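Peer 1: Okay, handing you the structure first.
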Amino acid sequence: MRTDDLIRALAADTMPERPVAGAMLWVLVPALGGALLLLWLILGFRSDLLQAVSNPVALTRWVLAGALAVVSMRLALALARPEGGAQARLWPLAGVALLALGLLGWAYVTTPPGGRQMAMVGKTMWTCLLTIPLLSVLPVGGMLWALRRGATTVPARAGAVVGLAGSAAAAAVYALHCTEDSPLFYVTWYGVAILGVTLVSAAIGARVLRW
Amino acid sequence: MAEQTDDWGQLLAAANAGDARAYARFLGIVAPVLRGIVRARGAGLGEAACEDVLQEVLLAIHLKRHTWDADAPVRPWLFAIARYKVVDAFRARGRRIDLPIEDFVEVLAAEPERDPTEVADMAKMIGMLDGRSGTIVRKIGLEGATMAETGQALRMSEGAVRVALHRALKTLAVLRERHVE
């Protein structure tokens, strides 16, 4: 087939494709709903949720997780464009990470030395480390699917960013159950869970986001 | 130069809004430029293989055209796709190449080259489509039939031809990916 013939066939196909951002939104709403439902079914919400929301230190984890989710999602949309690989900037992510580490440092200093280890290890480390990845499956899987409509030229990086976005959202959902309000606990273990999901998602992205 | 850029953007914007003629012009203008890039990079491969790679790039541009943001310049978008696909295509043909983005700017100034050859890869892929899809792509591409004519010949509605062509082109990209690797 000559190239001019191919061009004729391509030009005849004027069916529009749904843009990535629309697909992302379309998949994210049910995915987050599913994660909420899953949490409610297997663990339930914490009984003192209303008090927790009015406690600034406890509230901060929703703020941090939410900020991480929003920043990563915007980055994922930027990376979905072919030129995004060269143009998208990663520093807003570093900003959120610095805030989290700052909070960790502040909590370390203000927690009495005797109580630090207890606050950090907590009672629910394993629940946290297992539940956040579990709740990430729907949002991360959904966003990877949506991103396949895009044209990322950096599949592994795009996969990582999607993993960050989805697991940060999952962490915010998990926080509705978790009663460990010390940043020593939640920055550490939510952080570990989020990083784990991010690594796995990067590996998956490197395979499924190629085109 | 600036005027030309606007032109590409206007054509692609019209194309994405459903204007098939603007789209044909857009592809007709960028194809020679991309051909120059592919040839400059893959000189050792021979003209036919380069033309195969070019067709792969054009198909990718087609299937990803909705990722262009009409407020962004066209060239960085276009060249990012071309670069990704060219590197990929050469890798699949056993050649590693390094393609700095600056090269695109250089080659742009070069003389556009004409479509030389009938090439085999795409025809082979079209042969792997199911009978009706293959016929639709051939009728519209090789014979220059319109949607309506194709529909009449195959006893399908025009809308059904439209959908079938769209699906067929997507399948072609998947087939190429599998076949070349």
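Laboratory data are not the source of any read-out in this text; all were calculated from the coordinates shown. For clarity, every value in this text was computed on a predicted model and none was experimentally measured. No Cβ is skipped: glycine too gets one built from the backbone with ideal geometry, and neighbour counts run over all protein chains shown.
Peer 1: Based on C-alpha coordinates, I'd like the Rg and Dmax of region A:100-176, in Å.
Peer 2: In order Rg, Dmax, the Cα atoms of region A:100-176 give 16.6, 52 Å.
Peer 1: Same structure, new question: Note down the magnitude of the dipole of region A:89-211 about its Cα centre, charges +1 on Lys and Arg C-beta and -1 on Asp and Glu C-beta and zero elsewhere, to the nearest 20 debye. Spell out each step's value before the answer.
Peer 2: Values: 8 positive and 2 negative charges, 108 e Å.
Result for region A:89-211 is approximately 520 debye, rounded to the nearest 20.
Peer 1: Once amide H atoms are placed 1.01 Å from N in the peptide plane, what residues at a sequence separation of 5 or more from B:Gly144, or on another chain, have their amide H within under 5 Å of its amide H?
Peer 2: Amide H neighbours of B:Gly144: none.
Peer 1: If you don't mind, another one. For the pair A:Met125 and B:Arg178, what calculated FRET efficiency results from E = 1/(1 + (r/R0)^6), where r is the Cβ-Cβ distance and R0 = 56 Å, to the nearest 0.05?
Peer 2: With a Förster radius of 56 Å, E is 0.80.
Peer 1: Moving to a separate point now. For the pair A:Leu93 and B:Arg155, what calculated FRET efficiency results from E = 1/(1 + (r/R0)^6), where r is the Cβ-Cβ distance and R0 = 45 Å, to the nearest 0.05?
Peer 2: Efficiency for this residue pair is about 0.20.
Peer 1: If you don't mind, another one. Would you look at the GNM of chain A, springs on alpha carbons closer than 10 Å, and say which of A:Leu144, A:Leu43, A:Leu184 moves the most?
Peer 2: A:Leu43
Peer 1: Which of B:Lys170, A:Lys123 has the fewest other C-beta atoms within 10 Å, and how do the rest follow up to the most?
Peer 2: The fewest-first ordering by Cβ neighbours comes to A:Lys123, B:Lys170.
Peer 1: Okay, moving on. Whole number please: convex hull volume per residue, Cα atoms of the protein assembly as shown, in Å³. Write down the numbers at each step before the final one.
Peer 2: Details: hull volume 64.4 nm³, N = 392.
That works out to 164 Å³ per residue.
Peer 1: I'd like to know which of A:Ala23, A:Leu101, A:Ala67 lies farthest towards the positive end of the charge dipole of region A:1-159, counting +1 on Cβ of Lys and Arg and -1 on Cβ of Asp and Glu.
Peer 2: Among A:Ala23, A:Leu101, A:Ala67, the one farthest towards the positive end of the dipole of region A:1-159 is A:Leu101.
Peer 1: Between A:Phe45 and A:Val70, what is the label-to-label distance in nm when each label sits 7 Å out along the Cα-to-Cβ direction?
Peer 2: 2.1 nm
Peer 1: Number of Lys-Lys pairs in the protein assembly as shown under 21 Å by Cα, sequence gap 8 or more or different chains?
Peer 2: Value for the protein assembly as shown: 7.
Peer 1: Only four residue types carry charge here, +1 at the Cβ of Lys and Arg and -1 at the Cβ of Asp and Glu. Report the dipole size of the protein assembly as shown about the Cα centre in Debye, rounded to the nearest 20.
Peer 2: Roughly 980 debye for the protein assembly as shown.
Peer 1: Counting each DSSP H run of 4 or more residues in chain A as -39500 (n - 2.57), what helix-only mean residue ellipticity at 222 nm follows after dividing by all residues, to the nearest 500 deg cm²/dmol? Don't skip to the answer; put the middle values down first.
Peer 2: Values: 10 runs with 164 residues, N = 211.
Result for chain A: -26000 deg cm²/dmol, rounded to the nearest 500.
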